[in-house]
1. How much net charge surrounds Leu461 when only the other residues with a Cβ under 12 Å from the Cβ of Leu461 are counted, with Lys and Arg +1 and Asp and Glu -1?
2. Report, to the nearest 10°, how far helix 204-216 tilts away from the longest principal axis of the Cα atoms in the chain, using its own Cα long axis and a range of 0 to 90°.
3. For segment 5-10, in order, what is each residue's ³J(HN,Hα) by Karplus, 6.51 cos²θ - 1.76 cosθ + 1.60 with θ = phi - 60°, in whole Hz (x at glycine and Pro)?
4. What FRET efficiency would be calculated for the residue pair Trp108, Trp466, taking the C-beta separation as r and a Förster radius of 45 Å, to the nearest 0.05?
5. Taking a cut-off of 37 Å, what percent of all Cα-Cα pairs in the chain are separated by more than that?
6. Two decimals is fine: what's Rg over Rh for segment 374-472, C-alpha atoms, Kirkwood radius as Rh?
7. Taking 7 Å along the Cα-to-C-beta vector as the label spot, tell me the Arg158-Arg181 distance in nanometres, rounded to one decimal.
8. Taking the Cα centre of segment 281-373 as origin and charging only Cβ (+1 Lys, Arg; -1 Asp, Glu), how large is the dipole, in debye to the nearest 20?
Amino acid sequence: MFEDIEDGAAAATRLAGGTPLHRTLDIADPGDWLTLDAAVREVAWNRSQSLLGWRHSTPLPADLVQLGESRLALALCHPDGRIRQEAVRQSVRYPGLLPLVVIRCADWADPVRGHARQLLREALDVDSAVGLAPLVLRVGRRDRGGFGVEVLGQVLRRASRGQLAALFADPDRTVRRFAYRLAVEGRLLRPAELARAAARDQDTVVQDLCATAALTAPGDEDAYEDVLPPLLSARNPRVRSAGVTALRRAGRSERAEPFLTDRSALVRACARYVVRQRGGDPEAWYRERCTAGAPELPPGAVIGLAECGNRADAGLLRSLLVHPVAGVRARAVAGLRALDCVDAQRLWPLLDDPAAAVVRETATALLPSAEVLPADRLRERTGSERPRHVRVGAFRLLDARGGVEALRAAVGLLGDPDAKLRAWAGQSVQRWRPSPDERHGDAEVGELLDRSRHLFSDHALRRRTWEAGVGG
């Protein structure tokens with residue numbers, strides 16, 4: 001694969017010397033074809049001598065008919081539209097040049113574009129369309145690139161499921177989307193296969209497309225037995241939520257209850273809908289489990305209670321702040337924040353929690369109170385002897401506080417052993433501005449800025465010290 005246009009220019013030079021295409025570029029990589037095309041026009045022919053010995057100002061060369069495949073590939077990319085047009089006519093002799101014909105189908109010159117489109121329509125069959133699909137779809141993003149996509153769709157609608165299988169696994173999500181749309185349109189995949197595709201693919205468009213098609217495919221209720229398991233066990237929450245919602249339509253609403261504690265808020269919401277439609281009470285279900293406070297309490301039940309409960313449940317959530325499971329403590333903090341029942345005094349001890357997730361949620365909950373929190377106690381927690389997640393949580397609050405306290409904490413962390421925290425502290429110093437309600441001319445501010453002068457240009461440092469009233 002070419003790394004940049006200079007690699008394409010080097011490949012063009014080798015092609016001019018007669019090196020075969022398959023030894024010059026990865027013919028299966030659309031990026032190599034596009035880079036070669038750009039390199040020939042933008043780099044190779046800008047040199048003092050044309051690769052093929054043709055000047056832009058000379059008449060149309062008479063030897064195009066005699067060119068071999070490698071040098072004809074260069075002619076297909078030539079800056080002169082007359083040469084590209086004739087090269088398209090001659091390329092019918094070499095099927096290996098069809099990728100460059102695809103590119104010429106979006107050419108800016110109408111005669112070149114017209115000849116290329118006619119050749120593509122005549123030459124494209126199902127097998128070649130499968131191989132060219134990634135390139136056609138890449139070119140399709142360009143102006144005048146829609147023709148190739150249209151022809152590709154017409155040809156691939158005749159493809160079998162086996163022929164499309166290679167496109168289902170293509171690393172380019174655009175290709176996978178295109179192939180699955182054709183498969184759904186042509187009903188080439190069974191509902192169970194679509195469900196597995198939705199669960200397996202990482203692209204949300206493919207997930208939604210295949211999950212919807214699997215659940216709306218005509219069939220009897222027994223078909224759900226093959227469709228639901230892949231959806232309900234999928235790692236992606238969008239796919240799981242589709243499966244949970246379909247439980248009601250499948251007459252299996254009772255199976256939605258375990259998903260009330262799912263790690264995803266979307267899935268939990270869908271589960272609550274299904275349970276309510278069945279006559280259940282998710283709020284009471286959550287409350288019962290949180291009241292028990294057993295060690296095996298799922299964290300999803302805690303945040304689920306906050307999502308559908310009310311402020312009267314804040315007391316129950318506060319009791320879970322000391323639960324032995326870190327996930328439960330973290331969700332209890334998040335639940336209190338969701339109910340707008342944050343008590344800074346109660347949450348303060350959790351800034352020293354051994355679990356990073358708990359400290360992260362606590363810092364988030366305390367951000368609105370950052371200005372009234374004791375700065376000296378926060379600054380103590382930024383010391384290098386503290387765990388990294390504690391230092392991060394404390395600095396996050398000090399940074400949000402602003403003023404000299406934020407600057408003092410940031411400068412103190414410029415020597416932190418953690419590289420990411422050092423970088424964050426440096427960025428905090430660079431964007432620091434004096435607070436309007438703080439007195440100007442503070443000598444400590446001048447000292448702190450001087451200690452961090454390596455982060456500023458001379459001009460920026462002078463301006464910053466002037467803004468703080470400590471400039472010379």
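Values quoted throughout were computed directly from the atomic coordinates according to the rules given, and no laboratory measurement underlies them. Everything numeric here is computed off the predicted structure, so don't read it as measured data. Cβ: placed from backbone, ideal geometry, glycine included. Neighbour counts: every protein chain shown.
1. On the way: positive: Arg451, Arg453, Arg462, Arg463, Arg464; negative: Asp450, Asp458, Glu467.
The answer is +2.
2. Relative to the chain, helix 204-216 is tipped by roughly 90 degrees.
3. Coupling constants for segment 5-10: 5, 5, 4, x, 5, 5 Hz.
4. Details: r = 54 Å, r/R0 = 1.19.
Result of the calculation: an efficiency of 0.25.
5. Numbers: 63647 of 111156 pairs.
Within the chain, distances greater than 37 Å cover 57 percent of Cα pairs.
6. On the way: Rg = 13.1 Å, Rh = 13.5 Å.
For segment 374-472, the value is 0.97.
7. Going from the Arg158 label point to the Arg181 one covers 2.1 nm.
8. Working: 9 positive and 12 negative charges, 19 e Å.
Charge dipole of segment 281-373: 100 debye, to the nearest 20.
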